[in-house]
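Written out below as structure tokens is the structure these notes cover.
The values are calculated or read from the model by the stated rules, or taken from the named source; none is laboratory data. This one's a predicted model, so the numbers in the text were calculated from it and none came from an experiment. Using ideal geometry, Cβ is built from the backbone for each residue, glycine included, and neighbour counts are taken over all protein chains shown.
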Amino acid sequence: MDNLMRWLSEYLFLVVWVAYLVYWQAMAIGAKATLRLEPARSRILRTVLFLVAIFLLVYPRIPMSWLYWNLLPAGSATFLAGAAITVAGLLFSIWARHRLGRNWSRSVTIKQDHELIVSGPYALVRHPIYTGLLTGFLGSAIATAQVRGLVAFLLIFIALFVKLRLEERWMRDQFGASYEAYSRRVATLIPYLL
């Protein structure tokens, strides 16, 4: 059992996050044509923040000892709870991505014949992909039980919060009163709260 837990703690998150990113890239094929695209500067900054966060989570030998201070009790229970939360969050974001269909883009965009999706996970929160990603990173942070997990989560929160604000503006511009009504009815990231 110790060998299995050691292997899981070393490789599980690397496998999960790489599989998630490969799936995400593959699903980008066939998206609708882009009519409006966010500036390259914000896309590059977000990519860098994501890469740093993932590096913090999957590379356990960064030469900064404070990153390895425990925030939670380390052990199998903490690790497995974090792993379950990670998988649940990523599956939620995949459900949302699937529901968007050809309207999806990795950047903030307005697509040709863009549709306002308000069903499935979009009936629970306006940005379920972000909710799922944040949940996935939170689970990964819990599993590491260390400062590095919290730093990774905060980097992703900042990256997604900036993206979310731009996306909200563009959706209001694109869909007007329909989006206003939707935003009054459905929370941003956490059902019924935020």
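Residues in segment 139-147: is at least one small (Gly, Ala, Ser), surrounded by 20 or more Cβ atoms within 10 Å (Cβ to Cβ) and not in a helix (DSSP H, G or I)?
Applying the first criterion (small (Gly, Ala, Ser)) to segment 139-147 yields 139-141, 143, 145.
Next cut, surrounded by 20 or more Cβ atoms within 10 Å (Cβ to Cβ) only: 139-141, 143, 145.
Those still in the list that are not in a helix (DSSP H, G or I) too: 145.
Yes; the residues of segment 139-147 include at least one that is small (Gly, Ala, Ser), surrounded by 20 or more Cβ atoms within 10 Å (Cβ to Cβ) and not in a helix (DSSP H, G or I).
Determine which member of the set THR47, THR86 is within 17 Å of ARG148 (Cβ to Cβ) and of a type in the set (S, T, N, Q).
Working: THR47 fails: within 17 Å of ARG148 (Cβ to Cβ).
Every option except THR86 fails the conditions.
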Selected residue (only one of GLY30, GLY89 is of a type in the set (Gly, Ala, Ser), out of contact with any strand residue (DSSP E or B) (no Cβ under 7 Å at 6 or more places or on another chain) and surrounded by 15 or more Cβ atoms within 10 Å (Cβ to Cβ)): GLY89
Segment 164-194, residues that are of a type in the set (A, V, I, L, M), outside any helix (DSSP H, G or I) and surrounded by 12 or more Cβ atoms within 10 Å (Cβ to Cβ): VAL186, ALA187, LEU189, ILE190
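Being among the polar types (S, T, N, Q) and in contact with a Ser or Thr (Cβ under 6 Å, 6 or more places away or on another chain) is the filter; apply it to segment 97-156 and report the residue that is nearest to VAL58 (Cα to Cα). Can you show your working first?
Pass one, segment 97-156, residues among the polar types (S, T, N, Q): 103, 105, 107, 109, 112, 119, 131, 135, 140, 144, 146.
Among the residues that remain, those that are also in contact with a Ser or Thr (Cβ under 6 Å, 6 or more places away or on another chain) are: 109, 140.
On the way: THR109: 30, SER140: 9 Å.
My answer is SER140.
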Sole residue being more than 30 Å from LEU67 (Cβ to Cβ), touching a helix residue (DSSP H, G or I) at 6+ places or on another chain (Cβ under 9 Å), touching a residue at least 60 places away in the same chain (Cβ under 8 Å) and not acidic (Asp, Glu), chosen from VAL162, VAL125, VAL87, VAL151: VAL125
Candidates SER65, SER9 - the one that is surrounded by 12 or more Cβ atoms within 10 Å (Cβ to Cβ), small (Gly, Ala, Ser) and out of contact with any Ser or Thr (no Cβ under 6 Å at 6 or more places or on another chain): SER9
Residues of segment 35-58 classified as assigned to a helix (DSSP H, G or I) and either within 25 Å of ASP173 (Cβ to Cβ) or touching a residue at least 24 places away in the same chain (Cβ under 8 Å) (or both), total: 16
Members of segment 99-120 that are in contact with a Gly (Cβ under 8 Å, 6 or more places away or on another chain) and at pLDDT 90 or above: ARG99
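Yes or no, residue by residue, for (1) among the β-branched types (Val, Ile, Thr); (2) under 17 Å from LEU138 (Cα atoms); (3) outside any helix (DSSP H, G or I):
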site	(1), (2), (3)
PRO63	no, no, yes
TRP66	no, no, no
ALA77	no, yes, no
GLY82	no, yes, no
VAL87	yes, yes, no
LEU91	no, yes, no
ALA96	no, no, no
ARG99	no, no, no
SER105	no, no, yes
